[in-house]
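Beneath this line is the structure, given in structure tokens, with notes to follow.
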Amino acid sequence: MARVISVEVEKFPIAGSFTISRGSKTEAEVVTCTIRDGNNAGRGECVPYRRYGETVEGVCAAIEEISARIAAGLDRQALLDAMPAGAARNAVDCALWDLEAKASGRTVASLVARQAGPLETAYTLSLGEPEAMAAQARANATRPLLKVKIGGGGDDIARIRAVREAAPQSRIVLDANEGWTERDIERNLSAAAELGVALVEQPLPAGKDGMLRDIAHPVPICADESVHQAADLAALAGLYDAVNIKLDKAGGLTAALILRDRARELRLKVMIGCMVGTSLAMAPAVLLAQGADFVDLDGPLLLARDREPGLAYEGSLVFPPRPELWG
């Protein structure tokens, strides 16, 4: 019996709005791929990202285009060559992992993680004026790790200081989303170090980050938009101290595992991050994140409504997925 592939577009409202340096949104629009084989079905969720030229329509079309080969038995290794890295391949790859788990009776966790346990995830604060960001930080000051969106013009140093004063005990990761410039980066990094920031993500635009080789790193600097898959790592040598691995960028768990292991070989710190999606998108990332230096898998915490069943969160702890959800 041939596999049957289906694709669905779903929308989940965000609690309030989510703002970064490139704009705001009030809902997460996701694409879910389901692959059925007899009595078993595997699912994978992706979030198309316009920054990388992706649209919901384009991702759905890419999955439909490959569906005949998937139906005929295309496996995850062959998928790496059959589709480019990105959201569409992520949805298919994660659906294949889930299908394999359901068919074999073995969990994905038993295949990719020596021991899968709860992880401490960051909680993201949206970009805003310093006072508004301080209010967000104050409301989440008991969380051990806060990810702070900055880089939207105005005074980022005032934003960082406001968050630090409102959440003095929390570790802080700053995410500029390519929003700093050659004129302000050294001043901003110096202030970040003074305020005890643990990590700064993607301060300069991808492709325009060469100066990172020639300036001091008083705070470790993490590549996000500059790294998608393992082949990108060679060009980052000497520029970054860490990499943010996201399933939607890498094009699935299979490729992300390769990227993670290669980054560790190069002695880069590893962050496992996410787009704003549901627990179905986070589930494979929780397994990828076992042993990571930083974990940012708070997508469902930013939603007004998650899918059911979802991941279990207790405060800032996120637990591995149960088979009813994924894997």
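Somewhere in region 209-217, is a residue under 18 Å from the mean Cα position of the chain (by Cα) and assigned to a loop (DSSP other than H, G, I, E, B)?
So the first thing to find is which residues in region 209-217 are under 18 Å from the mean Cα position of the chain (by Cα), and the list is none.
No, because not a single residue in region 209-217 is under 18 Å from the mean Cα position of the chain (by Cα) and assigned to a loop (DSSP other than H, G, I, E, B).
Go through the residues of region 50-71 one by one and say whether even a single one is part of a strand (DSSP E or B) and of a type outside the set (Ser, Thr, Tyr). If you could, list the steps in order and put the result at the bottom.
Let us first name the residues in region 50-71 that are part of a strand (DSSP E or B), namely none.
Checking region 50-71: not a single residue is part of a strand (DSSP E or B) and of a type outside the set (Ser, Thr, Tyr).
Between a residue in region 99-115 that is closer than 18 Å to Asp75 by Cα and any residue that is of a type in the set (Gly, Ala, Ser) and crowded, with 19+ Cβ neighbours inside 10 Å, which pairs come within a Cβ distance under 7 Å, given they are 6 or more apart or on different chains?
What qualifies is Leu99/Gly42; Ala101/Gly327; Lys102/Gly42; Thr107/Ala101; Thr107/Gly327; Val108/Ala101; Val108/Gly327.
For region 156-168, check the following and say yes or no: at least one residue is in contact with a strand residue (DSSP E or B) (Cβ under 9 Å, 6 or more places away or on another chain), surrounded by 23 or more Cβ atoms within 10 Å (Cβ to Cβ), part of a loop (DSSP other than H, G, I, E, B) and of a type in the set (Val, Ile, Thr).
Scanning region 156-168 turns up no residue that is in contact with a strand residue (DSSP E or B) (Cβ under 9 Å, 6 or more places away or on another chain), surrounded by 23 or more Cβ atoms within 10 Å (Cβ to Cβ), part of a loop (DSSP other than H, G, I, E, B) and of a type in the set (Val, Ile, Thr).
Exactly one condition in (1) open to solvent by 20 Å² or more (accessible area, probe 1.4 Å); (2) charged (D, E, K, R); (3) not in a loop (DSSP other than H, G, I, E, B) is not met by Arg106; state its number.
Condition (3) is where Arg106 drops out.
Considering each residue of region 256-274, count those that are open to solvent by 10 Å² or more (accessible area, probe 1.4 Å) and part of a helix (DSSP H, G or I), and give that number. So that I can check it myself, show each step before the final result.
The initial filter retains those residues of region 256-274 that are open to solvent by 10 Å² or more (accessible area, probe 1.4 Å), namely 257-258, 260-262, 264-269, 274.
Going one step further and asking which of them are part of a helix (DSSP H, G or I), we end up with 257-258, 260-262, 264-265.
Matching residues across region 256-274 total 7.
Just one of Val276, Val318, Val295, Val270 is in contact (Cβ under 8 Å) with a residue 60 or more places away in the chain, within 28 Å of Asp81 (Cα to Cα) and β-branched (Val, Ile, Thr); which is it?
Values: Val318 fails: within 28 Å of Asp81 (Cα to Cα); Val295 fails: within 28 Å of Asp81 (Cα to Cα); Val270 fails: in contact (Cβ under 8 Å) with a residue 60 or more places away in the chain.
Unique residue meeting the criteria: Val276.
Name every residue in region 303-324 that is farther than 16 Å from Ser110 by Cα, in contact with a helix residue (DSSP H, G or I) (Cβ under 7 Å, 6 or more places away or on another chain) and assigned to a loop (DSSP other than H, G, I, E, B), in order of residue number.
Residues satisfying the conditions are Asp306, Arg307, Gly310, Leu311.
Quick one: which residue in Ala141, Ala82 is more than 18 Å from Gly252 (Cβ to Cβ), touching a residue at least 12 places away in the same chain (Cβ under 8 Å) and either open to solvent by 40 Å² or more (accessible area, probe 1.4 Å) or over 22 Å from the mean Cα position of the chain (by Cα) (or both)? Steps first, answer last, please.
On the way: Ala82 fails: more than 18 Å from Gly252 (Cβ to Cβ).
Selected residue: Ala141, the only one of Ala141, Ala82 that is more than 18 Å from Gly252 (Cβ to Cβ), touching a residue at least 12 places away in the same chain (Cβ under 8 Å) and either open to solvent by 40 Å² or more (accessible area, probe 1.4 Å) or over 22 Å from the mean Cα position of the chain (by Cα) (or both).
Right, Asp214: acidic (Asp, Glu) and without any contact (Cβ under 8 Å) to a residue 12 or more places away in the chain or not? Before the answer, list the steps.
Numbers: acidic (Asp, Glu): yes; without any contact (Cβ under 8 Å) to a residue 12 or more places away in the chain: yes.
Yes: the conditions hold for Asp214.
Taking Pro300 and the conditions (1) part of a loop (DSSP other than H, G, I, E, B); (2) closer than 16 Å to Glu45 by Cα; (3) without any contact (Cβ under 8 Å) to a residue 24 or more places away in the chain, which numbered condition does it fall short on, given that it satisfies the others?
Failed condition: (1).
Test of understanding: among Ala256, Ala242, Ala312, which residue is closer than 29 Å to Gly327 by Cα and free of Cβ contacts under 8 Å to residues at least 12 places away in the same chain? Walk me through how you get there before you give the answer.
On the way: Ala256 fails: free of Cβ contacts under 8 Å to residues at least 12 places away in the same chain; Ala242 fails: free of Cβ contacts under 8 Å to residues at least 12 places away in the same chain.
Of the residues listed, the single one that is closer than 29 Å to Gly327 by Cα and free of Cβ contacts under 8 Å to residues at least 12 places away in the same chain is Ala312.
The values are calculated or read from the model by the stated rules, or taken from the named source; none is laboratory data. Since this is a predicted model, take the numbers as computed values, not measurements. Glycine gets a Cβ as well: all are built from the backbone with ideal geometry, and neighbour counts include every protein chain shown. Calculation scope for accessible area: heavy atoms of the full protein, side chains included, ligands and nucleic acids excluded. Shrake-Rupley method; radii C 1.70, N 1.55, O 1.52, S 1.80 Å.
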